[in-house]
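Student: Sharing a structure, written as structure tokens. Questions coming.
The values are calculated or read from the model by the stated rules, or taken from the named source; none is laboratory data. Please read all numbers here as calculations on a predicted model, not as lab measurements. When we count neighbours, we look across all protein chains shown, and the Cβ atoms used for this are built from the backbone with ideal geometry, even at glycine. Note: accessible area is taken over every heavy atom of the protein model, side chains too, but ligands, DNA and RNA are not part of it. Shrake-Rupley method; radii C 1.70, N 1.55, O 1.52, S 1.80 Å.
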Amino acid sequence: EYLYQNEDNSSSGILSVVPWYVTSDTGTVDYDFKYTHLKGPYSYSNKATTNINWSDGFHMGYSRVIEKRSDGSKTIYSFTNYDRVQDEPSTAAFTLGMNNKYTSRKLDRGLLRSADYYNASQKLIKKEAYTYHSDLSDYLKTIERYALMNTLPIRVSANKIYTYFPFLQKKETILYTDYGNINETEEYEYNKYRLLTATKKYTNNPNDNSILETRSKYLSDLMEEYDSSNSGFISSGSPLKIYDTMRTQGLLSYPVETVVKRNGKVTSAEVMTYKQSDKFAVQDKQYKLESDVPLSNYSSFKLLNSTQYSMDNRCALEMEYLDYDSYGNPTNVVDKTGINTAYIWG
């Protein structure tokens, strides 16, 4: 069961349209200028000016949502809404008979701020808080002119279009136990294509104060490394041409390597290589690190030159994708023990 309520049981919903506070009357006009001639009676209305003056696709936003389960447990979610992030007035405006338009702050609304978890006895057992990236210096400039039938009324507004990405920067968790609270923090990093490249997790647990880090390398990161090493043009006959082709096709988010570290030493890793199958770029092989001890000298996967790549020699073949159909679906896969699996697709 879902309840959209504040702590005092009032609705947490905020209507994101202009409130209906209106005055109206009638009058007469006698206007004559150049090619514009207006004479006679007219009626007018004046609505209250508000920062929430257009809906941005959602007519209602909820600041607090309660998710109740049949066993009596519940989760309370809090979101950013108009009560915390309001739209901004125009940077500059000229109006004649029409309300100003505002700069939208919708990028910072609708984001999960916190989540509180209660057990069946209504005891708080976990609390999560989220922090997001926000950069009000990252915007485009726009000027909008609106005229009714090319005459009065007229509105000219100079506004911003914010273009930053509100990615998650930090997640803080408190675990409530009978033996004290445990605080966990996760921090996130992204590359210029907004792909998650690193997650760092640490805790205040006296029995485990280690730092766990997961790093991901995508095709975009791999090719930037290659370009920075000045390793030369990859010709069409090279076995590594597939990576240059994938970059040309915009397949930048394909994962190449995932590495997990504990206190700076590598505990696990996975490497994916690719090949061309018909007109598709498809996965070729999957490798996994095989080591019983954490490594301080792990060698990351990279392209050495236009014809060779390197990876840590402790990464062993886990899976090989032998064949694909004309739609890019795998049809024959063999694992490290030599067992083949055949797939038939509809």
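Student: Considering only residues of region 45-66 that are assigned to a strand (DSSP E or B) and surrounded by 12 or more Cβ atoms within 10 Å (Cβ to Cβ), which is modelled with the lowest pLDDT?
Tutor: Step one: filter region 45-66 for residues assigned to a strand (DSSP E or B), giving 45-47, 60-62, 64-66.
In the following step, the residues that additionally are surrounded by 12 or more Cβ atoms within 10 Å (Cβ to Cβ) were identified as 46-47, 60-62, 64-66.
Details: N46: 62, K47: 59, M60: 81, G61: 87, Y62: 94, R64: 97, V65: 98, I66: 98.
Ranking the candidates gives K47 first.
Student: What are the residues in region 311-346 that are at pLDDT 95 or above, under 33 Å from the mean Cα position of the chain (by Cα) and among the small types (G, A, S), if any?
Tutor: None - no residue of region 311-346 is at pLDDT 95 or above, under 33 Å from the mean Cα position of the chain (by Cα) and among the small types (G, A, S), so the list stays empty.
Student: Then there is this: Just to check your reading of the model, which residue among Y298, Y343 is of a type in the set (S, T, Y), surrounded by 13 or more Cβ atoms within 10 Å (Cβ to Cβ) and either in contact with a strand residue (DSSP E or B) (Cβ under 7 Å, 6 or more places away or on another chain) or free of Cβ contacts under 8 Å to residues at least 12 places away in the same chain (or both)?
Tutor: On the way: Y343 fails: surrounded by 13 or more Cβ atoms within 10 Å (Cβ to Cβ).
Criteria check complete, one pass: Y298.
Student: Go through region 255-300 and count every residue that is closer than 16 Å to S216 by Cβ and not in a loop (DSSP other than H, G, I, E, B).
Tutor: The qualifying residues number 21.
Student: For region 112-144, give me the residue count where each residue is of a type in the set (S, T, Y), more than 20 Å from I182 (Cα to Cα) and within 23 Å of the chain's Cα centre (by Cα).
Tutor: 4
Student: What tally of residues in region 152-200 results from selecting those that are acidic (D, E), in contact with a Lys or Arg (Cβ under 6 Å, 6 or more places away or on another chain) and part of a loop (DSSP other than H, G, I, E, B)?
Tutor: Total meeting the criteria: 0.
Student: Limited to region 133-151, what total is found for residues that are in a loop (DSSP other than H, G, I, E, B) and without any contact (Cβ under 8 Å) to a residue 24 or more places away in the chain?
Tutor: Just the residues of region 133-151 that are in a loop (DSSP other than H, G, I, E, B), to begin with: 133-138, 149-150.
Imposing the further condition that a residue be without any contact (Cβ under 8 Å) to a residue 24 or more places away in the chain reduces the set to 137, 149-150.
Looking only at that region, the number is 3.
Student: With the structure loaded, tell me whether S90 is among the small types (G, A, S) and surrounded by 17 or more Cβ atoms within 10 Å (Cβ to Cβ) or whether it fails that test.
Tutor: Details: among the small types (G, A, S): yes; surrounded by 17 or more Cβ atoms within 10 Å (Cβ to Cβ): yes.
Taking the combined requirement at face value, the residue satisfies it.
Student: Any residue at all in region 64-73 that's within 21 Å of G13 (Cα to Cα) and under 23 Å from the mean Cα position of the chain (by Cα)?
Tutor: Here is the first cut: in region 64-73, the ones within 21 Å of G13 (Cα to Cα) are 64-68.
If we keep only those that are under 23 Å from the mean Cα position of the chain (by Cα) too, we end up with 64-65.
So far as region 64-73 goes, yes, one or more of its residues are within 21 Å of G13 (Cα to Cα) and under 23 Å from the mean Cα position of the chain (by Cα).
Student: Six or more apart or on different chains, Cβ under 7 Å: which pairs go from a residue in region 175-188 that's farther than 25 Å from T214 by Cα to one that's part of a strand (DSSP E or B) and of a type outside the set (A, V, I, L, M, F, W, C)? Could you list them?
Tutor: Y176/K126
Student: OK, next. From the list Y287, Y254, pick out the single residue that is at pLDDT 95 or above, touching a Leu at 6+ places or on another chain (Cβ under 7 Å), open to solvent by 50 Å² or more (accessible area, probe 1.4 Å) and under 26 Å from G237 (Cβ atoms). Before the answer, list the steps.
Tutor: Values: Y287 fails: open to solvent by 50 Å² or more (accessible area, probe 1.4 Å).
On inspection, the qualifying residue turns out to be Y254.
Student: Considering only residues that are of a type in the set (G, A, S) and farther than 24 Å from M223 by Cβ, look in region 311-340 and name the one that is least open to solvent (accessible area, probe 1.4 Å). Write out each step before concluding.
Tutor: Going residue by residue through region 311-340, those that are of a type in the set (G, A, S) are 316, 326, 328, 338.
Filter again for farther than 24 Å from M223 by Cβ, leaving 316, 326, 338.
Numbers: A316: 29, S326: 67, G338: 49 Å².
So the residue we want is A316.
Student: While we're here: Could you please let me know if G232 is open to solvent by 10 Å² or more (accessible area, probe 1.4 Å), assigned to a loop (DSSP other than H, G, I, E, B) and without any contact (Cβ under 8 Å) to a residue 24 or more places away in the chain? Let's see the steps before the verdict.
Tutor: Values: open to solvent by 10 Å² or more (accessible area, probe 1.4 Å): yes; assigned to a loop (DSSP other than H, G, I, E, B): yes; without any contact (Cβ under 8 Å) to a residue 24 or more places away in the chain: no.
Considered against the rule, which asks whether it is open to solvent by 10 Å² or more (accessible area, probe 1.4 Å), assigned to a loop (DSSP other than H, G, I, E, B) and without any contact (Cβ under 8 Å) to a residue 24 or more places away in the chain, G232 comes out as no.
Student: Among the residues of region 201-229, what is the count of those that are of a type outside the set (G, A, S), more than 30 Å from Y176 (Cα to Cα), part of a strand (DSSP E or B) and free of Cβ contacts under 8 Å to residues at least 60 places away in the same chain?
Tutor: Counting residues in region 201-229 that are of a type outside the set (G, A, S), more than 30 Å from Y176 (Cα to Cα), part of a strand (DSSP E or B) and free of Cβ contacts under 8 Å to residues at least 60 places away in the same chain gives 1.
Student: Scan region 111-132 residue by residue and report those that are of a type in the set (K, R) and not in a strand (DSSP E or B).
Tutor: K123
Student: Is it the case, given these coordinates, that S121 is more than 26 Å from E7 (Cα to Cα) and either modelled with pLDDT of 95 or more or of a type in the set (S, T, N, Q) (or both)?
Tutor: Details: more than 26 Å from E7 (Cα to Cα): no; either modelled with pLDDT of 95 or more or of a type in the set (S, T, N, Q) (or both): yes.
So S121 does not fit the description; no.
Student: Among residues belonging to region 301-310 that are in a strand (DSSP E or B) and surrounded by 15 or more Cβ atoms within 10 Å (Cβ to Cβ), point out the one that is farthest from the chain's Cα centre (by Cα).
Tutor: So in region 301-310, the residues in a strand (DSSP E or B) come out as 302-303, 309-310.
Filter again for surrounded by 15 or more Cβ atoms within 10 Å (Cβ to Cβ), leaving 302-303, 309.
On the way: K302: 27, L303: 29, Y309: 32 Å.
Selected residue: Y309.
Student: Could you run through region 150-201 and say how many residues are modelled with pLDDT of 95 or more, aliphatic (A, V, I, L, M) and open to solvent by 60 Å² or more (accessible area, probe 1.4 Å)?
Tutor: Result for region 150-201: 1.
Student: Out of everything in region 271-284 that is modelled with pLDDT of 95 or more and either polar (S, T, N, Q) or over 32 Å from the mean Cα position of the chain (by Cα) (or both), what residue ends up being surrounded by the most Cβ atoms within 10 Å (Cβ to Cβ)?
Tutor: By that ranking, first place goes to T273.
Student: I would also like to ask the following. Does any residue in region 16-34 that is over 30 Å from R109 (Cα atoms) and hydrophobic (A, V, I, L, M, F, W, C) come within less than 6 Å, Cβ to Cβ, of a residue that is surrounded by 10 or more Cβ atoms within 10 Å (Cβ to Cβ) and modelled with pLDDT under 75 six or more places away or on a different chain, and which pairs are these?
Tutor: Listed pairs, sorted by first residue: V29/Y42.
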